[in-house]
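Below is one structure, written out as C-alpha cells; the observations come after it.
Computed from the coordinates by the stated procedures, all read-outs in this text should not be read as laboratory data. Since this is a predicted model, take the numbers as computed values, not measurements. Note that each Cβ is placed from the backbone with ideal geometry, even for glycine, and that neighbours are counted across all protein chains shown.
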Amino acid sequence: MPTGWDAAHRIMEILEEAGHQAFLVGGSVRDRLRGAEPSDYDVATDAHPEQVMVLFPRTAPTGLSHGTVTVTAVGTPIEVTTFRREAGYSDHRRPDEVRFVSRLEEDLARRDFTINAMAEDRRGQIIDPFDGRKDLERGRIRAVGQPTERFTEDALRMVRAVRFAAQLGFAIDPMTESAISACRDRLQPLAVERVAAELDKMWTAPHPAYGAVLLWKHQLFRYLPPFCAWDGEGVANEPLHPLSGLDALSHSDVRWAFFLFACGVDEERMGRRLRSLRLPGRRVKRIAVIARIAAASSVPLEEEEAKRRMLDIGGEGYQQAISLLSALGRLEPETAKQLERQVATWWKEMPVQRREDLAVDGRVLADALELQPGPWLKPMLEFLLEQVALGQIPNNEQALIDLARSGRQ
Ligand code: ATP
Ligand code: MG
C-alpha cells in the first residue's frame, strides 16, 4: 500500500518537473530524522495555489487564504502550502497578513521551533538553516529567532513548546524557557480551541507529566484560557495530586480527568469545566463519566452497578476509571490491576454491550407496538439494553417486544 511518504514524494516530483521547488517540511522531517513515523506529511512549494491546482487532477482548496491546497496522490491526501511569510500579529493569535514568498528559507524562518523548521527534498537532502538537527540530537526545543518576539507574535507557541517537550521528552532551551515566563501574560487572547487542541495532543504524548510540570512551573494557568477565566479559585497553585500519575494512565480522556482533579476541579464542576475547554460533546460526556465513576467507586465493586456504568462508557472506559483511582492514590496499584481484570471479565460476560447488539431496533419496536417512532424510543431501548445486559431477560425479539409493551402500559 502506498504511504504518505510515497504520496508526498510523487507530488514533489510533479512540482519539480513543472519547474517549481518542492520540499517536505515541518513535523514530518523532524519525525523522519528521529526515526519515528510522521503523523502526516506536509509539502511546501514556491508554486502558488492556483498553479498547484492546475498541476494535479485531485485537489481541494482547504486553506487558500494561507496558501494551502490538499492534493490527493496515490490515494493519500497531502497538504501542499505555498512558501509564505507572516506579518503583523496585532492580536497575538493570528497574522494580520500572509505573504507568499519565493525562498524556502523565508518559509522556514516563520516556523516555531528549530526542530520544526527543517526541510527535506525528494532526494533526502536536509535543509536546516537554524540547526534543528543539532537540537534534535541534543533533545532541545529552541525557538527560531528571538524567543520573546516569536512568543509575542503567536502566544500559542508557548503552549506548543510544552506540548513538544511532553511528546519528545526534550528540554526547553533556557532562553526559550525564560521567554515563556516573560511572555506568559500574552496568553490571554488565545482561542480556547487552539489551547485545548495542544493540551489534547499532550495527553496522548509519552511524557504528559513532564508537560504538566512545566505548566505549573511557569504558572501558565493564571493567563491561559479557559483556566484564567474560571470563577472561584481558578487552578490550584500546586497540583493537588502527584503529576507522575498522568504517565501511569493510558488514554487522553482519563488524563484529562486526572489533570482537572489535579487542578482542583471537583466532580460537581467537572462537566462545566470540560465544556469551557470546548472539547467535543461526546468527549466531555465520556471524561465526566470516568471522573464520576472514579469519585464514586467503592471497593469491592458492585457487579450490577459496574455493568450499568459500562453500558455508558464501555469496558475499557470503566477500566480507565479504575486506573484513575490508582493514579489519584485511592487504590493500591495491585488492587487496581485486579479490579481491571474483574471488570474486563464482566464486560466480556455481558450478553449485549451496545444498542446495536439488541435483537430489536427502533423501527421493529415501533412497528410491533403500533406507535410512531419518536423521543420515547431512546430511553426504551436503553432500558431494554440494561435488562438484557444484566441478564434479566434473553436477547430475543419477542421477549424484548413484550417487555417494551408492558413498559408502555
Ligand atoms: P504533529 O506531529 O503533532 O502534527 P507538527 O510539527 O506537524 O506536529 P503541526 O501543528 O501539524 O505540528 O504544524 C506543522 C508545522 O507548522 C510545524 O512543524 C511548524 O513548522 C509549523 N507551525 C505550526 N504551528 C505553528 C505556530 N503556531 N507558529 C509557527 N509555526 C507553526
Ligand atoms: Mg502535523
Distance in nm between label sites at ARG408 and ILE393, each 7 Å beyond Cα in the beta-carbon direction? 1.2 nm
Only counting other Cβ atoms within 10 Å, I'd like THR45, THR176 sorted with the fewest neighbours first. THR176, THR45
What angle do you read, to the nearest 10 degrees and between 0 and 90, between the alpha-carbon axis of helix 4-17 and the longest principal axis of the chain? 30 degrees
Percent relative contact order of region 1-132, based on C-alpha pairs within less than 8 angstrom and at least six residues apart? 24 percent
Just to confirm my numbers, what's the Cα centroid distance between region 147-180 and region 1-79 in Å? 27 Å
Over the chain, how many pairs of lysines fall under 21 Å by alpha carbon, counting only those 8 or more apart in sequence or from different chains? 8
Debye intensity ratio I(q)/I(0), log10, the chain, q values 0.10, 0.14 Å⁻¹ (C-alpha model): -0.84, -1.18
Toward the positive end of the charge dipole of the chain, about the Cα centre and with charges on Cβ (Lys, Arg +1; Asp, Glu -1), which of LEU64, HIS218, GLY315 goes farthest? HIS218
How many angstrom lie between the C-alpha centres of region 344-402 and region 119-138? 58 Å
Gain on full stretching of the segment that runs from SER250 to SER65 - 0.36 nm per residue minus C-alpha separation: 62.8 nm
Distance in nm between GLU137 and GLU386 label points, each 7 Å along Cα→Cβ, equals 6.3 nm
Within the chain, percent of DSSP bridges classed antiparallel, to nearest 5: 80 percent
Given contacts defined as C-alpha pairs under 8 Å and at least six residues apart, what's the relative contact order of region 356-408, whole-number percent? 43 percent
Please determine, in degrees from 0 to 90 and to the nearest 10, the orientation of helix 281-296 with respect to the longest principal axis defined by the Cα atoms of the chain, where the helix direction is its Cα long axis. 60 degrees
In the chain, if the dipole is taken from +1 on Lys/Arg beta carbons and -1 on Asp/Glu beta carbons about the Cα centre, which of HIS241, MET202, ILE290 is farthest to the positive end? HIS241
Could you tell me the relative contact order of the chain? Use alpha-carbon pairs under 8 Å, at least six residues apart, and round to a whole percent. 8 percent
Treating only the Cβ atoms of Lys and Arg (+1) and Asp and Glu (-1) as charged, compute the dipole magnitude of region 17-89 about its Cα centre; round to the nearest 20 debye. 100 debye
With axes computed from alpha carbons, what is the tilt in degrees of helix 397-408 against the longest principal axis of the chain, rounded to the nearest 10 within 0 to 90? 80 degrees
How large is the dipole of region 356-408 about the Cα centre if only Lys and Arg carry +1 and Asp and Glu carry -1, each at its Cβ, rounded to the nearest 20 debye? 180 debye
Nearest-5 percent of antiparallel DSSP beta bridges in region 1-132? 85 percent
Between LEU240 and ASP266, with labels modelled 7 Å along Cα→Cβ, what's the label distance in nm to one decimal, could you check? 0.8 nm
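Can you sort MET158, MET53 from fewest to most other Cβ atoms within 10 Å of each residue's own Cβ?
Details: MET158 32, MET53 17.
With the sparsest Cβ surroundings first, the list reads MET53, MET158.
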Computed FRET value (nearest 0.05) for ALA171 with GLU97, which takes r as the C-beta separation and R₀ as 60 Å: 0.95
Footprinting exposure proxy for PHE170, PHE164 (fewest neighbouring C-beta atoms within 10 Å first): PHE170, PHE164
What is the magnitude of the charge dipole of the chain about its Cα centre, with +1 placed on the Cβ of each Lys and Arg, -1 on the Cβ of each Asp and Glu, and no other charges, expressed in debye to the nearest 20? 540 debye
